[in-house]
Amino acid sequence: MFEAKQFESINGVEGMSARLMGEHYKLYEGYVKKANEITESLKNVDLSKANATQSDLRALKMGYSFAVNAIKSHELYFDNLSGKGGQPQGWLGSKIEESFGSFENWQADMKATGIAARGWVWFAYDWQNGSIF
């Protein structure tokens, strides 16, 4: 079972409103509740009716993975909020310029991806080929 954690960042981070933080925390609590509900439902699911097209097990497992992803994403979000924001400097700033042409292009890409995505948008570094995406 999951339990909603308390985070220091909920009290405010420069540049982010208390309303925004509160709304994110409510979403987080909702995902914790839903993951726990699904965990209970999985205890009674009929495994013999598992089916790749449609089955209770498939729906529950997909919902569970979505909820757990949202829980873990929110926990990383709340644990890592700090600083004053702004344009990245150093290695990361250079890598963004190299890959996207400018910080503004990267920012536009992230915002558009966020609008188009269901759930979270991640900015990541691929250690194997050195790319950011």
Please work out which one of (1) open to solvent by 90 Å² or more (accessible area, probe 1.4 Å); (2) under 30 Å from residue 83 (Cα atoms) is the condition residue 48 fails and give its number.
-> (2)
Among helices (runs of 4 or more DSSP H) lying entirely in the stretch 14-133, which contain 1 or more residues that are within 13 Å of the chain's Cα centre (by Cα)?
-> 18-42, 56-80, 103-116
Can you spot a residue in the stretch 86-103 that is out of contact with any Ser or Thr (no Cβ under 7 Å at 6 or more places or on another chain), at pLDDT 95 or above, farther than 26 Å from residue 15 by Cβ and among the basic types (Lys, Arg)?
-> no
For residue 109, indicate whether it is among the acidic types (Asp, Glu) and open to solvent by 80 Å² or more (accessible area, probe 1.4 Å).
-> no
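Residues 72, 49: which one is out of contact with any Gly (no Cβ under 8 Å at 6 or more places or on another chain), of a type outside the set (Ser, Thr, Tyr) and closer than 30 Å to residue 107 by Cα? Reasoning before the result, please.
On the way: 49 fails: closer than 30 Å to residue 107 by Cα.
Checking each option against the conditions leaves just 72.
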Residue 78 in contact with a Ser or Thr (Cβ under 7 Å, 6 or more places away or on another chain), open to solvent by less than 90 Å² (accessible area, probe 1.4 Å) and closer than 25 Å to residue 123 by Cβ = yes
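The values are calculated or read from the model by the stated rules, or taken from the named source; none is laboratory data. Everything numeric here is computed off the predicted structure, so don't read it as measured data. All Cβ positions, glycine included, derive from the backbone under ideal geometry; neighbour counts span all protein chains shown. For the accessible areas, the whole protein counts, side chains as well, though only heavy atoms, and no ligand, DNA or RNA atoms are used. Shrake-Rupley method; radii C 1.70, N 1.55, O 1.52, S 1.80 Å.
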